[in-house]
Amino acid sequence: MQRVFSGIQPSGVPTLGNYLGAIRNWVPMQDQHESLFCIVDMHAITVFQEPAQLLAQTREMAATLLACGLSPEKCILFVQSHVPAHAELAWIFNCVARMGWLNRMTQFKDKAGKDREAASAGLYVYPNLMAADILAYKATSVPVGDDQKQHLELANDIAQKFNHDYQADFFPRIEPHILGVAARVMSLRDGTKKMSKSDASDQSRINLNDDADTIRNKIKRAKTDTEPLPDNMLGFEGRPEARNLVGILAAITGETQEGVLRAHGGKGFGPFKEVLADALIAHLEPIRTEMLRLLEDAPALDAALRRGAEQADAIAGPIVTEVKRIVGFLPRK
């Protein structure tokens, strides 16, 4: 069975965009593959995190993933820092990766901004840790978005150079895991920008812990234009907000966008927003309720994450021990 690895940062409650674009697609993977899902708190501290808040958000993310349908009986759900193999292999990869490779990483440039000298060294070598996350388990498949494809290519370069330098056919090639069509959810305030947890305006997003009234109010206030909904896809030209809201309803109900337009084309946004809000509340309220239930018992949640870390360590520990033998830290058998 193919081994799949995926990670998510504990940077606040996931949005509707995170759910429709990634998390929802992870659920069927646990039935089809040997799946590891990691809350990557080590990646989170590449920028400063307030410690108590980081711990709370890590638990919150775990509760969210479980509430969305991940099952400890079907997959391994764990916290990155709880498995030593990630840090150990990342250092070895820091010594395998080349500066020139890291200098080409566009995401560092985007995140560091103009003041690159003030960015943490961790942010710079982030891709090496990402490679270690995957290769510590010899995972062969990773679901990635467009913004992570370059890092996946680097992970393969690191694996290939390690194999070459140490004359060991050890690490496998990683392939991107194709999830099919993933919904691209845009901001409720600007249909040209991706929905984001980091947006200054909470009105720009639906959070998975928003209650029914909050969801209804956010959809009611979502930016639209003055024209009725189009009756075909060509009518979305120059209307990003209309496209976004129709796309959200299609994704949450399993309908095609063409089907949504057949049902609602020519109507005003007022009635359509009511339908959209009702659909979102019906779908997300059970997730919110289960998330809150799980968070009420922090010891049980922590225990589940410890069990996941033990399972993950049982896979990664022997792999990284063998890496240590290959590089000369330990005697060969």
For Leu229, indicate whether it is part of a loop (DSSP other than H, G, I, E, B), within 21 Å of Arg189 (Cα to Cα) and hydrophobic (A, V, I, L, M, F, W, C).
yes
Tell me, yes or no, whether segment 109-119 has at least one residue that is crowded, with 18+ Cβ neighbours inside 10 Å and free of Cβ contacts under 8 Å to residues at least 60 places away in the same chain.
no
I need every pair where a residue in segment 95-107 that is modelled with pLDDT of 95 or more has its Cβ under 6 Å from the Cβ of a residue that is surrounded by 14 or more Cβ atoms within 10 Å (Cβ to Cβ), sequence separation at least 6 or different chains.
Val96/Ile158; Val96/Lys161; Val96/Phe162; Ala97/Asn128; Ala97/Ile158
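Residue by residue, here is whether (1) in contact with a helix residue (DSSP H, G or I) (Cβ under 9 Å, 6 or more places away or on another chain); (2) outside any loop (DSSP other than H, G, I, E, B); (3) free of Cβ contacts under 8 Å to residues at least 60 places away in the same chain; (4) farther than 22 Å from Asn25 by Cβ holds:
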residue	(1), (2), (3), (4)
Asp133	yes, yes, no, no
Lys138	yes, no, no, yes
Gln150	yes, yes, yes, no
Ala159	yes, yes, yes, yes
Mind listing whichever residues of segment 3-17 are surrounded by fewer than 23 Cβ atoms within 10 Å (Cβ to Cβ), over 15 Å from Asn209 (Cβ atoms) and not small (Gly, Ala, Ser)?
Arg3, Ile8, Gln9
Val40 vs. criteria more than 14 Å from the chain's Cα centre (by Cα), under 19 Å from Tyr137 (Cβ atoms) and buried (at least 18 other Cβ atoms within 10 Å of the Cβ):
no
Among residues belonging to segment 122-178 that are polar (S, T, N, Q) and at pLDDT 95 or above, point out the one that is surrounded by the most Cβ atoms within 10 Å (Cβ to Cβ).
Asn128
Under the condition of being among the basic types (Lys, Arg) and modelled with pLDDT of 95 or more, which residue from segment 194-220 is surrounded by the fewest Cβ atoms within 10 Å (Cβ to Cβ)?
Lys220
What are the residues in segment 185-202 that are outside any loop (DSSP other than H, G, I, E, B) and over 19 Å from Ile252 (Cα atoms), if any?
Asp202
Identify the residue in segment 279-304 that is among the acidic types (Asp, Glu) and touching a residue at least 60 places away in the same chain (Cβ under 8 Å) and, among all such residues, is farthest from Thr214 (Cα to Cα).
Asp302
Any pair with Cβ under 7 angstrom, 6 or more apart, that starts in segment 260-278 at a residue that is more than 15 Å from Glu241 (Cα to Cα) and ends at one that is of a type in the set (Asp, Glu)
Gly266/Asp231
In segment 218-252, what count of residues is obtained for those that are among the hydroxyl-bearing types (Ser, Thr, Tyr) and in contact (Cβ under 8 Å) with a residue 12 or more places away in the chain?
1
Tally of residues being free of Cβ contacts under 8 Å to residues at least 40 places away in the same chain and either under 27 Å from Arg184 (Cβ atoms) or surrounded by 21 or more Cβ atoms within 10 Å (Cβ to Cβ) (or both) across segment 43-74:
1
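The values are calculated or read from the model by the stated rules, or taken from the named source; none is laboratory data. In this text the structure is predicted, and so the values were computed from the model without any measurement. Here Cβ is always computed from backbone atoms with ideal geometry, including for glycine, and neighbour counts include all displayed protein chains.
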